[in-house]
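FYI, it's all coordinate maths here, none of it is from the lab. What you see is a predicted model, and the numbers here were worked out from it, not measured in a lab. Neighbour counts run over all protein chains shown; Cβ positions are idealised from the backbone, glycine included.
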Amino acid sequence: MPAALDSATAADAATPRDVIGAAGLVTATFRRHYLVRSDDGSTISCVLRGRTLAIACGDRVRWVESGPGEGVIEAIEPRTTLFYRSDARREKLIAANVTQVLGMVAPDPPFDDELVHRWIVAAESAGCRFVLIANKRDLPAFAAIRPRLAQFAALGYPVVEISASEGAGALAPLLVGQHSVLIGQSGMGKSTLINRMLPSAAARVGEVSAALHTGRHTTTETTLYLIDASSWIVDSPGMKEFGLGHLPADAIERGFVELRPLLGTCRFRNCRHDSEPGCAIREAIARGEVKPWRLALLRQLLSDSGRRAQTW
Ligand SMILES: Nc1nc2c(ncn2[C@@H]2O[C@H](COP(=O)(O)OP(=O)(O)OP(=O)(O)O)[C@@H](O)[C@H]2O)c(=O)[nH]1
Ligand SMILES: [Mg+2]
Ligand SMILES: [Zn+2]
């Protein structure tokens, strides 16, 4: 038997014996403390073995018991997706194994369109579906944001109007069978939605605070809520900024869905889509097929991410 094949076989055979502890789902993270919902249904307060692993809500982990209701996380199982953002200093994990990103906006407090575009780029690059939730439909000011919502619908993203204080409404069917993460600026109504949708969530707030010894409300921490056996939703703290510094320029470009067929077709491989001859994006704009503001936004996101200088 060839050596390479031999060692592959040995590695495969070793895998089951190497698996340590019980399997569980990370439902809350706070500094170096984690809540893990074990597959047997119990909730364990865990710490991490070593300091090298970065763990997010939605991660499937292996843990071993260290005391009554307490455990140590030994390993993270492979992720299907990882949704994160960057700030000036580092990358921040938001949630793992997410299938869809739910961005929430509302007429009050005012929302920032560019922020929504950043969420879309991050969701696209993580391989997650993006849905825009327009909350506080009950407010008279809601009508004024409809034209702004329409620009996201025109790109092909579902826009769901709700009144979270009355429940999930039209959003409910979109959550079935999905692993969702709810993001948005502070005060948009993310936690209100969770609390109305899942009556047990309010009780859960107390449980999280007690278990993590924080005494704080969960809106300062990212928390996962089970909806049913195959669906969960993660509530995250309000975020004013959403850095894309973790993404290379081509990933940011691919986050612009209508530009995808044009990417790589400019005459110059390193085209800045500025004044170069044979720019496919500018030609598409001239034909009226791409809106000029989309190119302006792309250039803005690329330059903000500091990738332009490195890549171009
Ligand atoms: N009129 C109206 N108010 C709402 C609705 N949903 C939420 N609110 C109000 O909006 C405010 C903020 O709601 P939260 O659910 O705390 O907002 P959040 O997005 O979780 O905020 P952070 O946790 O800070 O990120 C609260 O006063 C809610 O009562 C709604 O559908 N209609
Ligand atoms: Mg909240
Ligand atoms: Zn170009």
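A simple charge model with +1 on the Cβ of Lys and Arg, -1 on the Cβ of Asp and Glu and nothing else charged puts the dipole of the range 62-176 at about 280 debye relative to its Cα centre.
Remark: the range 249-311 projects, on average over all directions, an area of 3.9 nm² (convex hull of Cα atoms). Treating only the Cβ atoms of Lys and Arg (+1) and Asp and Glu (-1) as charged, compute the dipole magnitude of the range 20-76 about its Cα centre; round to the nearest 20 debye. My answer is approximately 280 debye. Summing Cβ point charges (Lys, Arg +1; Asp, Glu -1) relative to the Cα centre of the chain gives a dipole of roughly 820 debye.
Just flag the trypsin sites (Lys or Arg not before Pro) in the range 85-155 sitting in loop per DSSP whose Cβ has no more than 14 other Cβ atoms within 10 Å.
For trypsin sites (Lys or Arg not before Pro) across the range 85-155 that sit outside H, G, I, E and B with at most 14 neighbouring Cβ atoms in 10 Å, the list reads ARG89, ARG90.
Projected onto the charge dipole of the chain (+1 at Lys/Arg Cβ, -1 at Asp/Glu Cβ, origin at the Cα centre), which of THR192, VAL105, ILE145 gives the Cα projection farthest towards the positive end? Value: ILE145. For ALA134, neighbours were defined as the other residues whose beta-carbon sits under 10 Å from its Cβ, and their charges (Lys and Arg +1, Asp and Glu -1) total +3.
Rounded is the label for the range 20-76, because a/c, from the alpha-carbon gyration tensor with a ≥ b ≥ c as root eigenvalues, stays below 1.5.
Across the options PRO248, PRO292, LEU224, the greatest Cα extent toward the positive end of the charge dipole of the chain (unit charges at beta carbon of Lys, Arg, Asp, Glu) belongs to PRO292. Can you work out the base-10 log of I(q)/I(0) for the chain at q = 0.08, 0.11, 0.14, 0.15 1/Å, using the Debye formula on its C-alpha atoms alone? One equal scatterer on each Cα of the chain leads to -0.44, -0.77, -1.09, -1.19.
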